[in-house]
Amino acid sequence: MANTAAHDATHDAHDHRPQGLKRWLYATNHKDIGTMYLVFACVMFFLGGAMALLIRLELFQPGMQFLDPAFYNSMTTMHALLMIFGAVMPAWTGLANWMVPLQVGAPDMALPRLNNFSFWLLPFAFTLLLLTLFVPGGAPAGGWTLYPPLSLQAGDSFPLTIFAIHLLGISSILGAINVIVTIMNMRAPGMGLLNMSLFCWTWLITAYLLILVMPVLAGAVTMLLTDYFFDTAFFTAAGGGDPVMFQHIFWFFGHPEVYILILPAFGVVSEIIPTFSRKPLFGYESMVYATASIAFLSFIVWAHHMFTVGMPLAGQLFFMLSTMLIAVPTGVKVFNWCATMWKGSISFETPMLFAIAFLFLFTLGGLSGLMLAIVPADFQYHDTYFVVAHFHYVLVPGSVFAIMAAVYYWLPKWSGRMYDEKIGKLHFWMSAIGVNVLFFPQHFLGLAGMPRRIPDYATQFADWNMVSSVGAVIFGFSQLLFVYVIWKAVRSGETAPQRPWEGAHGLEWELPTPAPYHSWDTPPPREVITKGAMH
Amino acid sequence: MDAPQQPTTPEPPAGSIRERANSRLMLKLIGFALGAFGFGFALVPLYEVLCDITGVGNPKDLLRASFVDPAVTPAADDSRLVTVEFVGDLPSVGNWEFRPVIAEMKVHPGRLYEVDYVAHNLTGRDTVANAIPNVAPGKATAFFRKTECFCFVPQHFAKDEERVMPVRFVVDPNLPKSIDRITLSYVFHDNSTRVAALKD
């Protein structure tokens, strides 16, 4: 679109925009694709959430009430697959699509048609996965980790699940490649890597993690597939294979994967806290190096997920200590965020509320992670609700809150309209209270010995399960407010100014609001870049 | 303030140059991803190498017959008693019977012993089964020597056949003093289609 350079940006907004279904089907515009990713993630979030509510419904009381045990097990499995691969990862890719070109001063993503392909793989992948709910034998029920030999005993759902994972793996690898090429090749002249926003930095590192580990997952599930259909024996003990090997390969993917889910959240929070504290981010470079250290460490800690399968003492010590080491760069980040707020002129708009809740609750989830890193303690906590509480604390008030913070923060720039601050705050408080009522009691349940992935439990666990289910209803239904507040803003919100947050300094705020359909056709001038990168 | 959209310096008309650079980097990264896919498979032999070096959990070693060399093996230690427990498991329930004839025995390190396992084919057809051994604790594996075992070769069973199968073993007298109890367990896999994988 170089020939539109002479036109001004607002004129451009009405130009060259295909209409109707074709606009979305053939979309190559990073904003359209970003929007599709976010809408898709939202749909998956509600589907996965409905499954979670079914789980909590069954667990409201001891005894078998509503669900068949096999269906219950497929609910836990499908909930995890949908939330990880359908909700959180596409939401981050959607945010990267929207924000990376705006923040590096690029006219679009580097590879627009590849971008279209990687989005449209997702609906097909999840159609395959959701189809398993209707095949003989039911949806996969052996847990999202697909451990053999249990996963190899699945029915007709097995090949559908594996191919769904292949498709969504290809989708996220291609999405990651697009982000890397955009950041490496498309930065505006004058913008060095260390002038970039932290959201771009964390996404760059996330993208490298993605192209390193998603193929390893693809390899692992391919081996499962050949074990199932073609009589290979990678993981089949009868043929000389080793089921524990699968766990090693899976967690070589799986641990970096959890950082894929959380690193962009660090980036978002590092944008929002300075804005609403009206101070530059404390320790910009240390944030970059801490992110890189976390990414590196994520590759050498995988076996802490499997202490109980047995390994030599030296192995246990290595994985315990390297896991605890992650607390150092993570601590650097948490202290930097606190230092950014220190003596800042803080205001508490909805994005900031979500960011502060992230800071508190993610740190809490990180601390229970440290407890799980201790080998002898992990022998006790392994596969209990303590683990469930831990990873939900880092993923829900961690990743999901950060995604919501990002949506509230950038919605005015995307849509040109402000959201209703009152409903936004109501949504925040309902979510923040709900999430703690939902997940905090699960710590107690786990420490008392309640195992994960069971539809029924001993009666001594009844009280806290009931509390947890009440929290699930509060949290789950308050997400309808999130949809309502966005819908209301887009329909009838007040017109947003170019810079709705007075403390916001990124390049994206130098563009008119709403961001024109084609932005940065001419790169931003250098003085704007240095002004924007006020780190 | 309007957005600054004025060109500053005349940048080179980067279109095609940039596109070429983009596709070059894209191809490199796709190559990188393909390499990572291969690396996933390479992890299988890599872990086996690691098991060889550290000497833990290597099923291939457990399937090998041991040779007890009198020149390097110390004489039998009749002053010491080690309990050996026997366990037999099936991966699924109902179509086989598989168990040791005794639950445990007390042995002197350095002496040869024999124990029997009984298997009964209830699958209703002629078939082949493999016994996959394991020794616990892991530290004892290197000191538990099987000179003869039904686990070394696939076992053919006629329909409804019941058979007693022996294991002969020696506990090495060098067994660390801290170990006084060893568990030998077998999982008995009926898997005629997978025999090819075990032949070598």
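Assorted remarks:
- Lone qualifier among A:196, A:287, A:223 - being over 24 Å from the mean Cα position of the chain (by Cα) and buried (at least 21 other Cβ atoms within 10 Å of the Cβ): A:223
- Top-ranked residue of the range A:411-440 - restricted to ones that are of a type in the set (D, E, K, R) and in a helix (DSSP H, G or I), ranked as farthest from the chain's Cα centre (by Cα): A:422
- Some residue of the range A:343-353 being of a type outside the set (A, V, I, L, M), in contact with an Asp or Glu (Cβ under 7 Å, 6 or more places away or on another chain) and crowded, with 18+ Cβ neighbours inside 10 Å: yes
- Of all the numbered requirements in (1) within 10 Å of chain B (Cβ to nearest Cβ); (2) under 21 Å from residue A:277 (Cα atoms), residue A:522 misses one, and that requirement is (2).
- All helices (runs of 4 or more DSSP H) inside the range A:18-118 with 3 or more residues being crowded, with 20+ Cβ neighbours inside 10 Å and touching a residue at least 60 places away in the same chain (Cβ under 8 Å): A:30-59, A:69-81, A:89-104
- Restricting A:270, A:286, A:293, A:277 to those that are among the hydroxyl-bearing types (Ser, Thr, Tyr) and either within 14 Å of chain B (Cβ to nearest Cβ) or touching a Leu at 6+ places or on another chain (Cβ under 7 Å) (or both) reduces the list to A:270.
- Residues that are touching a residue at least 60 places away in the same chain (Cβ under 8 Å) and crowded, with 16+ Cβ neighbours inside 10 Å within the range B:88-107 comprise B:88, B:90, B:91, B:96, B:98, B:107, listed in sequence order.
- Set side by side, the residues A:245, A:214 differ, and just one is of a type outside the set (Lys, Arg), at the interface with another protein chain (Cβ under 7 Å from one of its Cβ atoms) and part of a helix (DSSP H, G or I), which is A:245.
- Residue B:115, sole failed condition from (1) surrounded by fewer than 19 Cβ atoms within 10 Å (Cβ to Cβ); (2) within 14 Å of another protein chain (Cβ to nearest Cβ): (2)
- Against the conditions (1) part of a loop (DSSP other than H, G, I, E, B); (2) crowded, with 17+ Cβ neighbours inside 10 Å, residue A:449 satisfies every one except (2).
- Among all residues of the range A:151-165, there is at least one that is under 30 Å from residue A:266 (Cα atoms), modelled with pLDDT of 95 or more and assigned to a helix (DSSP H, G or I).
- Subset of the range A:485-499 [away from every other protein chain (no Cβ under 12 Å), part of a loop (DSSP other than H, G, I, E, B) and surrounded by fewer than 18 Cβ atoms within 10 Å (Cβ to Cβ)]: A:494
- Check on residue A:151, hydroxyl-bearing (Ser, Thr, Tyr) and over 30 Å from residue A:455 (Cβ atoms): no
- For residue A:164, the criteria (1) within 11 Å of chain B (Cβ to nearest Cβ); (2) more than 27 Å from residue A:405 (Cα to Cα); (3) of a type in the set (A, V, I, L, M, F, W, C) hold in every case but one, which is (1).
The values are calculated or read from the model by the stated rules, or taken from the named source; none is laboratory data. Keep in mind the model is a prediction, meaning the values are calculated, not measured. Virtual Cβ from ideal backbone geometry, glycine too; neighbours counted across all protein chains shown.
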